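No value in this document is a laboratory result; all are computed from the given coordinates. The shown structure was predicted, so the numbers you read here are calculated from the model rather than taken from an experiment. Cβ atoms come from the backbone with ideal geometry, glycine included; neighbour counts cover every protein chain shown.
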Amino acid sequence: MDAKPCIDSLAVKNSHVLPPDTNSHGTLFGGKLMAYIDDVAAIASVRHCRKPVVTASTDSVDFLQPVFEGDTICLEGFVTYTHNTSMEVFVKAVTENLLTGDRKLCTTAFLSMVAVDENNQPAQVPPVYPESDEEKWLHDGAKKRHEQRRNRRKESKELAEMFGTKLPWK
């Protein structure tokens, strides 16, 4: 498989924040924003590997600024790193007050997406390479984040074994 530049996977989503999207504080529901993030990550990763994908993990979603009703939100995501069948996708979200033009970075997130074949089994993905300084910075830190994901997944499996499906009060 030929390597592809990060920018080839770029996915952009814009949305107007309407009343049904907001909580009692008049700000965008965190879960709604997380759904947008997952959607953008899926589009970016499919664009990179041209195969169906599933979300394997979300490293973090850091809410840095509120997104108010009436604002817009623009999400950008792209593949920063690949490892056999998985892809790391960086997503950032910028909120904009359309009346004033004030723009703020409101959220950043890293997701791990896995390509799957026609039998829903993990499938190989092409390598990715960075070109811009920002892409290089993200790519350089990706192996460390990949290892952190592996360790966190191991801990999650241990928790699942310990707690399983039993009720905590029995």
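Computed 3J(HN,Hα) for region 2-10, one whole-Hz value per residue from the Karplus formula 6.51 cos²θ - 1.76 cosθ + 1.60 where θ = phi - 60°, is 7, 5, 10, x, 3, 4, 5, 9, 3, glycine and proline marked x.
Relative to the globular-protein estimate of 2.2 N^0.38 Å, the Cα radius of gyration of region 77-159 stands at 1.36.
In plain terms, the bigger the Kirkwood radius, the slower the diffusion; for region 4-163, with that radius from Cα pairs, at 4 °C and 1.567 mPa s, Stokes-Einstein puts D at 78 µm²/s. Region 57-85 and region 1-45 have Cα centres separated by 6 Å.
For VAL128, the residues whose modelled amide H falls within less than 5 Å of its own, excluding neighbours fewer than 5 places apart on the same chain, are LYS4, THR82. The calculated 222 nm mean residue ellipticity attributable to helices in the chain amounts to -10500 deg cm²/dmol, summing -39500 (n - 2.57) over DSSP H runs of n ≥ 4 and dividing by all residues. Each Lys and Arg contributes +1 and each Asp and Glu -1, all at the Cβ; summed about the Cα centre of the chain, the dipole is approximately 660 debye.
Amide H contacts of ALA56 (H built 1.01 Å from N, in plane; Pro and chain starts excluded): SER112, MET113, VAL114 sit under 5 Å, all sequence-distant by 5 or more or on other chains. On a 31 Å Cα-Cα criterion, which of the cross-link pairs LYS13/LYS154; LYS92/LYS166; LYS13/LYS166; LYS13/LYS157; LYS104/LYS157; LYS32/LYS154 come out too long? Over 31 Å apart, Cα to Cα: LYS13/LYS154; LYS92/LYS166; LYS13/LYS166; LYS13/LYS157; LYS104/LYS157. Phi-derived couplings, Karplus 6.51 cos²θ - 1.76 cosθ + 1.60 at θ = phi - 60°, listed residue by residue for region 77-88: x, 7, 6, 10, 6, 10, 8, 6, 10, 10, 9, 8 Hz, with x used for Gly and Pro.
Taking neighbour Cβ counts within 10 Å as the exposure measure, how do ASP117, ASP39 sort from fewest upward?
Going from sparsest to densest Cβ surroundings: ASP117, ASP39.
Per-residue Karplus couplings for region 57-70, computed as 6.51 cos²θ - 1.76 cosθ + 1.60 with θ equal to phi - 60°, are listed in order as 6, 10, 5, 6, 10, 9, 8, 9, 9, x, 10, 8, 3, x Hz, Gly and Pro entered as x.
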